[in-house]
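Reviewing the structure listed below.
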Amino acid sequence: MELWIPVTIAAAFLQNLRSMLQKSLKGRLSTWGATATRFIYAAPFAVLLFTGIAADRGGVPAAPAEFFLYGMAGGLAQILATALLISLFSRTNFAVATAFTRTEPLQTAVFGFVLLGEHVSAGAVAGILVSLVGVILISVPGLNVRSLRQMNVSVWRGVVSGGLFGLSAIAYRSASLSLPGEDVLLRSSATLAFVTVFQAVAMLAWLTVKERGEATRVLVAWKVAIWVGIAGVLGSFGWFTAFTLERAAYVRALGQVEVIFTLMAAILFFRERLNLREIAGAVLIAAGVVGLLVLR
């Protein structure tokens with residue numbers, strides 16, 4: 001098995017765990033405050049991880065100017081994508097809003113081809129589409145007239161949000177590949193450290209200007225938020241490593257297994273029951289992922 005496959009699955013699992021921890025903070029923090037914890041508390045761990053790997057590898061890679069440009073572009077794109085997703089929550093429910101951001105793998109494939117010249121096979125595209133249908137089955141609460149109207153209102157914001165997430169993936173891959181040398185862990189951890197610190201500073205500045213006192217509340221919530229940071233940095237390190245090893249479109253497509261982890265969490269921790277539509281969606285996601293890995 002190629003290394004990027006288990007790394008991506010682990011990253012998706014850790015991302016789901018981080019989301020569960022962030023959900024527990026929502027009552028104490030604003031939406032932006034809970035979002036900021038993933039960056040603010042992850043930054044110190046990202047720096048420590050990079051420092052340890054760099055010391056073990058005997059030095060820090062000399063970063064070209066494009067590394068910083070790609071890193072900042074990816075960091076900003078991810079923040080803007082999150083902002084758009086948050087704005088959708090006031091227009092429709094969480095599941096419908098999230099469904100449209102899951103067009104990200106398809107858009108990532110397009111951006112990867114346009115910006116990096118990376119081709120995606122027809123079989124991989126088919127797998128991505130099958131997984132996308134599965135995500136929509138799980139996320140959209142019944143394909144009735146009302147839900148379709150909600151989709152029409154929300155679709156463009158969701159698609160743009162997914163596109164920005166896709167652009168951030170391409171930017172992170174470009175930043176990591178711009179570093180000299182062949183050491184995957186060193187390049188991945190360097191990219192992660194720079195991007196996470198940049199995002200933490202940006203989010204602290206945003207909270208200071210837009211939500212007075214929220215930055216202090218984020219710091220007071222450290223007992224839970226620190227675990228958000230640990231899960232976040234480990235998950236992000238997995239994503240960045242996978243981006244360095246394989247095309248971002250394939251990584252993001254395989255990352256759709258996060259939806260299955262979410263369903264498992266709903267069953268095991270929240271004692272929720274799945275309906276036939278959700279089961280069918282999970283089967284399609286799994287089938288699409290298998291198709292992606294076999295036909296790519």
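The values are calculated or read from the model by the stated rules, or taken from the named source; none is laboratory data. Note that the structure is predicted; figures quoted are calculated from it, not measured. All Cβ positions, glycine included, derive from the backbone under ideal geometry; neighbour counts span all protein chains shown.
In region 8-16, the count of residues that are modelled with pLDDT under 80 and part of a helix (DSSP H, G or I) is one or more.
Of the residues V201, V224, V197, which single one is touching a Ser or Thr at 6+ places or on another chain (Cβ under 9 Å) and assigned to a helix (DSSP H, G or I)?
Details: V201 fails: touching a Ser or Thr at 6+ places or on another chain (Cβ under 9 Å); V197 fails: touching a Ser or Thr at 6+ places or on another chain (Cβ under 9 Å).
Going through V201, V224, V197 in turn, just one is touching a Ser or Thr at 6+ places or on another chain (Cβ under 9 Å) and assigned to a helix (DSSP H, G or I): V224.
Touching a residue at least 24 places away in the same chain (Cβ under 8 Å), closer than 25 Å to S24 by Cα and of a type in the set (A, V, I, L, M, F, W, C): which single residue out of A200, A248, A190 fits that description?
Details: A248 fails: closer than 25 Å to S24 by Cα; A190 fails: closer than 25 Å to S24 by Cα.
When all the criteria are applied, what remains is A200.
Please work out which residue is nearest to L49 (Cα to Cα), limiting yourself to region 204-221 and to residues that are part of a helix (DSSP H, G or I) and touching a Gly at 6+ places or on another chain (Cβ under 9 Å). Steps first, please.
Initial filter on region 204-221 (part of a helix (DSSP H, G or I)): 204-210, 214-220.
Right, trim to touching a Gly at 6+ places or on another chain (Cβ under 9 Å) and you get 207, 214-215, 217-218.
Working: L207: 26, E214: 28, A215: 25, R217: 26, V218: 23 Å.
Among those that are part of a helix (DSSP H, G or I) and touching a Gly at 6+ places or on another chain (Cβ under 9 Å), it is V218.
Rundown of residues vs (1) touching an Asp or Glu at 6+ places or on another chain (Cβ under 6 Å); (2) under 14 Å from A231 (Cα atoms), yes/no style:
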residue: W4; (1), (2): yes, no
residue: A10; (1), (2): no, yes
residue: L21; (1), (2): no, yes
residue: T35; (1), (2): no, yes
residue: A42; (1), (2): no, yes
residue: V47; (1), (2): no, no
residue: I53; (1), (2): no, no
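Could you tell me which of the residues F100, F67, F45 is crowded, with 22+ Cβ neighbours inside 10 Å, on the phi < 0 side of the Ramachandran plot and modelled with pLDDT of 75 or more?
Values: F100 fails: modelled with pLDDT of 75 or more; F45 fails: crowded, with 22+ Cβ neighbours inside 10 Å.
Unique residue meeting the criteria: F67.
Taking the conditions exactly as written (assigned to a helix (DSSP H, G or I), at pLDDT 85 or above and either out of contact with any Phe, Trp or Tyr (no Cβ under 9 Å at 6 or more places or on another chain) or among the charged types (D, E, K, R) (or both)), does T51 satisfy them or not? Here the answer is yes, as T51 does meet what is asked.
Residues in region 243-253 that are in a helix (DSSP H, G or I) and crowded, with 20+ Cβ neighbours inside 10 Å: F243, T244, A248, A249, Y250, V251, R252, A253.
Quick one: would you say T191 is farther than 23 Å from L69 by Cβ and among the hydroxyl-bearing types (S, T, Y)? Don't jump to the end; show me each part of the working.
Details: farther than 23 Å from L69 by Cβ: no; among the hydroxyl-bearing types (S, T, Y): yes.
For T191, the condition - farther than 23 Å from L69 by Cβ and among the hydroxyl-bearing types (S, T, Y) - is not met.
In region 226-242, of all residues being at pLDDT 90 or above and under 12 Å from the mean Cα position of the chain (by Cα), the one that is surrounded by the fewest Cβ atoms within 10 Å (Cβ to Cβ) corresponds to G235. Taking every residue in region 266-279 that is farther than 18 Å from N16 by Cα and pairing it with any residue that is part of a loop (DSSP other than H, G, I, E, B) and at pLDDT 70 or above, at least 6 positions away or on another chain, yields no pair with a Cβ-Cβ distance below 6 Å.
Per this entry, A286 is not counted among residues that are more than 20 Å from T101 (Cα to Cα), modelled with pLDDT under 90, assigned to a helix (DSSP H, G or I) and within 21 Å of the chain's Cα centre (by Cα).
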